[in-house]
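Colleague: Following this message is one structure expressed as structure tokens.
Laboratory data are not the source of any read-out in this text; all were calculated from the coordinates shown. Because the structure is predicted, anything quoted here is derived from the model rather than measured. Every residue, glycine as well, gets a Cβ built from its backbone with ideal geometry; the counts of neighbours run over all protein chains shown.
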Amino acid sequence: MHRYIVKRFLLMIPTLLGVAVLVFLLMRVVPGDIVELRYTLEGTGVSDEFLAKERARLGLDKPIVQQFVEWMWGILRLDFGISMWTENPITEEIALRLHLSLQVAIMATLFATLLSVPLGVLAALKQDTWVDYAVRVFSIAGLAMPSFWLGILIILGLLIGFRWLPPMFFTPIWVDPWANLSQLIWPALAVGYRYSAVATRMTRSSMLEVLREDYVRTARAKGLWEQVVVVRHAMKNAMLPVITVLGLEFAFLVGGLVVTEQVFNLNGLGMLFVESIARRDYTMTQALVLLTGFTFIFVNFLVDLLYAWFDPRIRYG
Amino acid sequence: MGATPQETVLPRVGTAPRRLPRWLAAVIWFARKKPLGTAGAVVVLLMGVGAVGAEVLAPYDPLATNYAQMLRPPSVNHWLGTDTFGRDILSRIIYGSRTALLVGFGASFLGATVGGIIGVASAYFGGRVDLVVQRLIDMVMSFPIIVLALAVVAILGSGIVNLTLAIAIPFMPRIARVVRSSALAIRETPYIDAARAMGFGHGRIIFRHMLPNVVAPFLIMITAFVGQAILLEASLSFLGLGVVEPTPAWGLMLRGAAVEFAERAPWMAIFPGLAISAGVFGFNLFGDSLRDALDPKLRTG
């Protein structure tokens, strides 16, 4: 097991390095850089000399390889540098928004898990009855409805039904839990619906598969209670793919909430990402991509470990 | 592939007149066996009709502004109401299906083709090439789809063609994965050995011998991704990074004014969203049933 963990862990490094190279090159392929964007688009006559000086100040005049090595060297010392646009430390800028994005992602995951596991199991147990059809329609509808539109509908509902809108400004949960939740619960619901639709489908199909296994029949033949068969025998094995789906969706939510954030006017990581691409803020974009990439790869790693833990064949294979 | 459902089932349609054309028998079989899939197919068909015949079907010019008719609620003249420029929402939705289908099919076809070729080539060459390609796929897949699409739009700029490309790129690694696993099995078959023994080039073996045999997963992937592509198109247009005004597009119709005037004119926010949901719903249902009907082995999720 230890060898497996170490091996899987070390495999993360080349992938992350690849992501770093990819985003670094990609950013420099994008036409226009931050200096050009900031000074020439305003229409004020700025001398080329000044532009060159700005570029030198931001380190954009150095050879690309040197820029990359310096960036990597900083990351190894956990120094992500400063944002080219705001000139504040990147860790500071990200920390603020990470809190918001992480909280919405966690709340949406909780909501999705609590909804999808019971619904999916129920649908599988009552396959081809109206319960099953209702659950399937619920989940197919969830996949089809854009979460940003659901967000608009939620806002509309709150406005028309209660003449009330969620607070516009973010309050950390330890300062005022009520204000915090009354702002973030809505986006969490809006993305959580789609998310639970994905997880419900997975739970249902994985449960259906497991319920047909020989050992489930054996357990029933032994005269075990149906509840014990379902919970201890079937669900335990059916949950692995569901955990994978939940984990991966969570990882995506941390950085991929872009559109929903826009609807609810949340200042999260997604919004920061769109802004920093538009501003050609290289350092910020790179750090954000590395962060989302790392989250995804790390969650993948955890999921693999979980599989190995539950399924010894993988560990020794 | 396509012959199997008809052959196994023809006796079942015995109640219908005997000399039904084969395609009609297949359609009836599909409708009876897959009611949900048929519902999806009907939605898809409706979208198709709307897209092709928009000029005939739409009651108004989707771009015509009419400041005397601003923000009108649904009525006999404007079934779904009008927007802040007095443009007819129904007409804009009908024309919008053209944009949605164009980008939806374009992106999934492009993504499936390029992804399919990458997947087959990776499986065919195997060894080190396969390892490198798979790691590259890992890397690209570690970006959320929407984030990658956003980055591509930032590089290329907005507009329909760039948008299609931006949506196709995140699809490629996902399709390559699935196609690769089908292609791995094909690589081991005797006829590939035979082709190699006859001294055919790599390109010929990949394109002439392997690709035709992954057509089933290829077609299934295309239909499966159209819904997602429509959703992405709507999201990006909503962000203002996709289709640009005044082109009618569903996501674009939800942007800006629809939210600002949500209380006064909720029809502006409701109908385009319904159109997106119905379209994606239709493609997902149809794609699922098609997959079940064409290839029971691929049944997942």
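Colleague: Given bins 10 angstrom wide, list per bin the percent of all Cα-Cα distances in segment B:161-262, short to long.
Modeller: 13, 31, 22, 17, 11, 5, 1
Colleague: Please report how far the C-alpha centroid of segment A:93-156 lies from that of segment A:1-61, rounded to the nearest whole angstrom.
Modeller: About 35 Å separates the Cα centre of segment A:93-156 from the one of segment A:1-61.
Colleague: Roughly how compact is segment B:133-205, stated as its Cα Rg over 2.2 N^0.38 Å to two decimals?
Modeller: Working: Rg = 17.1 Å, N = 73, 2.2 N^0.38 = 11.2 Å.
That works out to 1.52 for segment B:133-205.
Colleague: While we're here: When the convex hull of the Cα atoms of chain B is projected onto a plane and the area is averaged over all directions, what value comes out in nm²? List each step's numbers first, then the result.
Modeller: Working: hull surface 79.1 nm².
Value for chain B: 19.8 nm².
Colleague: Another question about this same structure. Could you derive backbone 3J(HN,Hα) for segment A:9-20 from the dihedral phi with the Karplus parameters 6.51, -1.76 and 1.60 (θ = phi - 60°), listing whole Hz in sequence and x where the residue is Gly or Pro?
Modeller: After applying 6.51 cos²θ - 1.76 cosθ + 1.60, I find 5, 5, 5, 5, 5, x, 4, 5, 4, x, 4, 4 Hz.
Colleague: Compute the separation of the alpha-carbon centres of segment B:227-264 and segment B:53-69 and state it in Å as a whole number.
Modeller: 18
Colleague: Run the simple label-point estimate for B:Asn77 and A:Glu70 please: 7 Å along Cα→C-beta, distance reported in nm.
Modeller: In this crude label model, B:Asn77 to A:Glu70 measures out at 6.5 nm.
Colleague: Less than 14 Å Cβ to Cβ from B:Leu252, Lys/Arg counted +1 and Asp/Glu -1: what total charge do the surrounding residues give?
Modeller: Summing Lys/Arg as +1 and Asp/Glu as -1 gives +1.
Colleague: Picking from A:Ala251, A:Ala221, A:Ala144, which is most flexible by a Gaussian network model of chain A using Cα springs under 10 Å?
Modeller: A:Ala221
Colleague: Normalised radius of gyration for segment A:10-145, please: alpha carbon Rg relative to 2.2 N^0.38 Å, two decimal places.
Modeller: With N residues counted in segment A:10-145, Rg over 2.2 N^0.38 Å equals 1.71.
Colleague: Could you give the C-alpha radius of gyration of the protein assembly as shown expressed as a fraction of 2.2 N^0.38 Å, taking N as the number of residues it contains?
Modeller: 1.04
Colleague: Something else: Quote the convex hull volume per residue of chain A, based on C-alpha atoms, as a whole number of Å³. Walk me through the numbers on the way to the answer.
Modeller: Values: hull volume 59.9 nm³, N = 317.
Per-residue hull volume (Cα only) is 189 Å³.
Colleague: Between B:Arg204 and B:Leu57, what is 0.36 nm times their sequence separation minus the Cα-Cα distance? Round to one decimal in nm. Don't jump to the answer; show the numbers that get you there.
Modeller: Numbers: separation 147, 0.36 × 147 = 52.92 nm, distance 4.67 nm.
Going from the current span to full extension adds 48.3 nm.
Colleague: Run the dipole for segment A:194-271 about the Cα centre, Lys and Arg Cβ at +1, Asp and Glu Cβ at -1, nothing else charged, and hand back the magnitude in debye, nearest 20.
Modeller: Approximately 360 debye in magnitude.
Colleague: Please list the radius of gyration and Dmax for segment A:153-302, considering alpha-carbon atoms only, with Å as the unit.
Modeller: Cα only, segment A:153-302: 20.9, 66 Å (Rg, Dmax).
Colleague: A further question follows. Once all Cα-Cα distances of segment A:116-197 are split into 5 Å bins that start at 0, what whole-number percent is in each one?
Modeller: 3, 14, 17, 17, 15, 14, 10, 6, 3, 1
Colleague: Starting from the Cα of A:Lys126, draw a straight line to each of the lysines and keep only those under 28 Å, dropping any in the same chain fewer than 8 residues away.
Modeller: A:Lys222, A:Lys236, B:Lys33, B:Lys34, B:Lys297
Colleague: Show me the ranking of peptides B:275-285, B:22-32, B:39-49, B:135-145 by mean Cβ neighbours inside 10 Å, starting with the highest.
Modeller: On the way: B:275-285: 24.4, B:22-32: 14.8, B:39-49: 17.2, B:135-145: 20.5.
Averaged packing, sorted descending, gives the order B:275-285, B:135-145, B:39-49, B:22-32.
Colleague: Rounded to the nearest 20 debye, what is the charge dipole size of chain A about its Cα centre when +1 sits on each Lys and Arg Cβ and -1 on each Asp and Glu Cβ?
Modeller: Numbers: 27 positive and 25 negative charges, 288 e Å.
It works out to roughly 1380 debye.
Colleague: Mind checking which of A:Asn88, A:Tyr307, A:Trp71 is farthest towards the positive end of the protein assembly as shown's charge dipole, using Cβ charges of +1 (Lys, Arg) and -1 (Asp, Glu) about the Cα centre?
Modeller: A:Tyr307
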